[in-house]
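First the structure, in the form of structure tokens, and then the observations on it.
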Amino acid sequence: QVQLVESGGGSVQAGGSLRLSCAASGRIASISDMSWYRQTPGKQRELVATVTRGGSTNVRDSVKGRFVISRDNAKNTVYLQMNSLKPEDTAVYYCNAQIQRDFGTGYFPYWGQGTQVTVSS
């Protein structure tokens, strides 16, 4: 019943910007950490950025100063603002959320279906 729907991907030229969104819906009691991952052919999925429920953030070094992660708890949505995009940012981007479906139960990871980001030189 829980679904994470991503939007905002596309193709841009180097130096351009994109804003990814990921909205969680369904029976949800609480959401802990929300994150963005990315994957390119021949590589493992890598963590790009994480934001806690309280708004604390961490981003990997390769995107520091260019990417900003944020969330809107009222909308159960996480965002990734990507600026100064580089060809090496090309990947499928996946959102992830640690979700508690009922109060008193555990948190489990849920994944979006992925959205393609292509940056041309």
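The values are calculated or read from the model by the stated rules, or taken from the named source; none is laboratory data. Here the structure is a predicted model, which is why all the values come from computation and not from measurement. Reconstructed Cβ throughout: ideal geometry from the backbone, glycine too, with neighbour counts over all protein chains shown. Side chains are part of the model used for accessible areas, which takes the heavy atoms of the whole protein and leaves out ligands, DNA and RNA. Shrake-Rupley method; radii C 1.70, N 1.55, O 1.52, S 1.80 Å.
Across the range 71-108, the qualifying residues are those that are among the hydroxyl-bearing types (Ser, Thr, Tyr) and under 15 Å from residue 24 (Cβ atoms), and the one among them that is most open to solvent (accessible area, probe 1.4 Å) is 107.
Mind listing just one residue for me: the one in the range 84-112 that is charged (D, E, K, R) and without any contact (Cβ under 8 Å) to a residue 60 or more places away in the chain and, of those, nearest to residue 2 (Cα to Cα)?
The initial filter retains those residues of the range 84-112 that are charged (D, E, K, R), namely 86, 88-89, 101-102.
Next, from what is left, pick out any that are without any contact (Cβ under 8 Å) to a residue 60 or more places away in the chain: 88-89.
Details: 88: 32, 89: 28 Å.
It comes out as 89.
What number goes with the only condition from (1) on the phi > 0 side of the Ramachandran plot; (2) at pLDDT 95 or above that residue 39 does not pass? The failed condition is (1).
Results for (1) open to solvent by 50 Å² or more (accessible area, probe 1.4 Å); (2) within 20 Å of residue 110 (Cβ to Cβ); (3) not in a strand (DSSP E or B), shown as yes or no for each residue.
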{"position": "5", "(1), (2), (3)": "yes, yes, no"}
{"position": "19", "(1), (2), (3)": "yes, no, no"}
{"position": "24", "(1), (2), (3)": "no, yes, no"}
{"position": "31", "(1), (2), (3)": "no, yes, no"}
{"position": "43", "(1), (2), (3)": "yes, no, yes"}
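Just wondering, is there one or more residues in the range 7-26 that are within 22 Å of residue 100 (Cα to Cα) and of a type in the set (D, E, K, R)? No, there is no match, as no residue in the range 7-26 is within 22 Å of residue 100 (Cα to Cα) and of a type in the set (D, E, K, R). Of 42, 55, 112, all but one fail to be in contact with a Ser or Thr (Cβ under 8 Å, 6 or more places away or on another chain) and not hydroxyl-bearing (Ser, Thr, Tyr); the exception is 55. What pairs come up if the first residue lies in the range 43-59 and is more than 14 Å from residue 97 (Cα to Cα), the second is assigned to a loop (DSSP other than H, G, I, E, B) and open to solvent by 50 Å² or more (accessible area, probe 1.4 Å), and their beta carbons are under 8 Å apart, counting only those six or more places apart or on different chains? Every condition considered, the pairs that remain are 46/60.
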